[in-house]
Amino acid sequence: MPPRLRSYRETSFWALPQELRLQVWEFIMETGAPYSGYASVSRGWQSFFERLTFKTLRLHQDDIPNFTKIVKGHRTSFVRHIWLRLELLGYDCPNCEEPESEAERKSNNQIFSVAVYRLFSILGEWEKGVTGGLEIELSAHSRSDWEHHFKELAYRSTEGATRPLPGSVRYHDPAHDGGIKRIIEALPNLEHFSYEPWAGGMFDREIKRWEYDHTYLASKLLQRKRSLKTVSIFQDFNRPLNGQCAARFPVGKWGPEFAELSVSLERMYGSFAVDAMDFFAYVDEHVSEEEKVRQTAFVCRSSRSEHA
């Protein structure tokens, strides 16, 4: 009896045991080569490598038109993290030492608001629950930042999105109350919120504005308490750069606002933004044992030396 001819599938990559196929793919992943070329080998390879390709996406505002053309259909289910890196206007010395002009402020606000609105509008069209949870990271920078040796920039947005969608959001830059309000309102199923502002070289009037911003932020997050599980606020500063201003942080008056916000949360972190003594003093007096947050992390002013 003549030997049976094997089909192409039996002699191909797919005839290998699943463990060996995974080892081949893991080897390819370790090389660091782009996945796009391997996705064109076959439908099976495409399915595997597209899950990796679209899992984490980093977008410039100019990428948004192509984003909606490429990431659609079944590919939307692969996306877990989108980082929108907004590029604002450039600036020259000595303009770097001056506040934004009215024209620059309007242009930067428009760049931020238009890009965020377009992205949220696209995500709002995705099938509900298709991603199983989406993390959205927003940050703003200028190419001119790399020409300076400091981090004193504080770009603020004024317009956000109105499309509702589930997910998480991180913030790297301070935002006007209008921008914060619109963005949070566009995330009705928000579960995790991370806010990472830079203190900068602040004068008294700017510190008052920041106190207002943080109080406003807490009030808006309170409206999302049914879905919210984690809040993380890290306020960065540099003592040599900020001088006496650094000693003004953390600002203790935020303790009551974030203590109230912590009720029914699973985790809350407030390093250098909320003083531990102020926070727990309010919690002990106003929050029941059943409502207390399960896990917290704060910095206490009295635990740090003046020379730390």
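The values are calculated or read from the model by the stated rules, or taken from the named source; none is laboratory data. What you see is a predicted model; the values in this text were computed from it and never measured. Please note: Cβ atoms are built from the backbone with ideal geometry, for glycine as well, and neighbour counts cover all protein chains shown.
Below is a table of values for the structure above.
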quantity	calculated
Pairs with Cβ under 9 Å, 6+ apart, first in the range 17-32 and within 16 Å of Arg51 (Cα to Cα) and at pLDDT 80 or above, second among the basic types (Lys, Arg) and in a loop (DSSP other than H, G, I, E, B)	none
Cross-chain or 6+ apart pairs with Cβ under 6 Å, the range 76-89 first and within 13 Å of Gln61 (Cα to Cα) and at pLDDT 90 or above, then assigned to a strand (DSSP E or B) and not hydrophobic (A, V, I, L, M, F, W, C)	Trp83/Arg58; Trp83/Glu137; Arg85/Ser139
So Glu191, is it modelled with pLDDT of 65 or more, assigned to a strand (DSSP E or B) and not hydroxyl-bearing (Ser, Thr, Tyr)	yes
Among the residues listed as Phe67, Phe49, Phe27, the single one being touching a strand residue (DSSP E or B) at 6+ places or on another chain (Cβ under 7 Å) and not in a strand (DSSP E or B)	Phe67
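Residue by residue, here is whether (1) buried (at least 16 other Cβ atoms within 10 Å of the Cβ); (2) more than 18 Å from the chain's Cα centre (by Cα); (3) of a type in the set (Val, Ile, Thr) holds:
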{"residue": "Phe48", "(1), (2), (3)": "yes, yes, no"}
{"residue": "Leu57", "(1), (2), (3)": "yes, no, no"}
{"residue": "His60", "(1), (2), (3)": "no, no, no"}
{"residue": "Ile64", "(1), (2), (3)": "yes, no, yes"}
{"residue": "Lys69", "(1), (2), (3)": "no, yes, no"}
{"residue": "Gln110", "(1), (2), (3)": "no, yes, no"}
{"residue": "Arg118", "(1), (2), (3)": "yes, no, no"}
{"residue": "Ile122", "(1), (2), (3)": "yes, no, yes"}
{"residue": "Gly132", "(1), (2), (3)": "no, no, no"}
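Condition check ((1) among the small types (Gly, Ala, Ser); (2) touching a strand residue (DSSP E or B) at 6+ places or on another chain (Cβ under 8 Å); (3) not in a helix (DSSP H, G or I)) across all residues:
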position: Thr76; (1), (2), (3): no, no, no
position: Trp83; (1), (2), (3): no, yes, yes
position: Tyr91; (1), (2), (3): no, no, yes
position: Ala103; (1), (2), (3): yes, no, no
position: Ile122; (1), (2), (3): no, no, no
